[in-house]
Amino acid sequence: MNFTFRLLSSLGALLLWANSLWAAPNEQKEIQELYRRGLTGDKEAVEQCIARLEEVLAQQPGNKLARVYLGSAYTLRSRDLGFGPKKLQALRQGLAMMDEAVTTAPEDQKVRLARALTTSTLPAILGRAASSQKDFEVLAEQATRAPGTLGAGELQVVFYHAGLAAKTAGDKARAIALWKEALTHPKDAKLSEKINVEIAQAL
């Protein structure tokens with residue numbers, strides 16, 4: 001099974017670490033950089049990122065954002081492993097960590113977004129498409145109900161993907177409304193172009 005991810009253009013572009021996860025800023029920056037390098041295919045960086053996040057969780061077991069990113073990093077480890085049981089084991093471990101983080105912090109938008117972006121890039125055969133779409137729908141509702149938690153780039157991505165979920169469900173009117181909301185947060189010009197194309201095609 002070929003676990004190919006498109007995280008670099010989505011999750012990697014956001015790096016949802018605006019809120020301080022650790023007391024030492026240098027430690028946070030180090031993990032950010034390792035995660036970013038891991039997204040680009042650096043296998044050693046993935047393993048270092050996992051090790052550093054595990055250290056954070058050993059000190060802060062209740063840190064849900066660190067846990068969801070550790071889960072995401074495990075999916076990167078799965079990407080890098082050759083075909084076999086260890087590949088699937090790493091993926092399942094990563095998914096379980098992300099699911100646990102969201103289950104225990106369902107209102108934490110950054111935690112849910114990290115899972116949504118990670119699972120949205122998984123191959124369809126793994127059966128996570130529906131749950132990923134649901135995450136984006138929930139995030140759009142949460143962002144509308146409790147604004148101010150996510151940054152402009154995050155909101156643009158949330159409403160774009162929520163629009164895609166509505167499109168998949170056959171709700172054209174809602175899809176257009178969500179995409180128009182995404183355009184009010186024009187952080188990424190290229191994504192705005194994609195959103196305009198989606199709106200034009202839906203009209």
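Select from region 41-140 those chymotrypsin sites (Phe, Trp or Tyr not before Pro) which occupy a DSSP coil region and have at most 13 other Cβ atoms within 10 Å, ordered by residue number. Let's see the in-between values first.
Details: sites: Tyr69, Tyr74, Phe83, Phe136; in loops: Phe83.
In loop regions of region 41-140 (DSSP not H, G, I, E or B), the sparsely surrounded chymotrypsin sites (Phe, Trp or Tyr not before Pro) are Phe83.
The orientation-averaged projected area of the convex hull spanned by the Cα atoms of the chain comes to 11.1 nm². Over what distance in Å are the Cα centres of region 33-94 and region 173-203 separated? One Cα centre to the other: 32 Å. With θ taken as phi - 60° and the Karplus curve 6.51 cos²θ - 1.76 cosθ + 1.60 applied, the whole-hertz 3J(HN,Hα) list for region 43-49 is 5, 5, 5, 4, 5, 5, 5 Hz, x standing for glycine and proline. Ignoring lysines fewer than eight residues from Lys172 along the same chain, the ones with Cα atoms less than 17 angstrom from its Cα are Lys134, Lys180, Lys194.
Values in this text are rule-based calculations from the coordinates and carry no lab data. Bear in mind that the values here come from a model prediction, so they are computed numbers and not experimental data. Neighbour counts run over all protein chains shown; Cβ positions are idealised from the backbone, glycine included.
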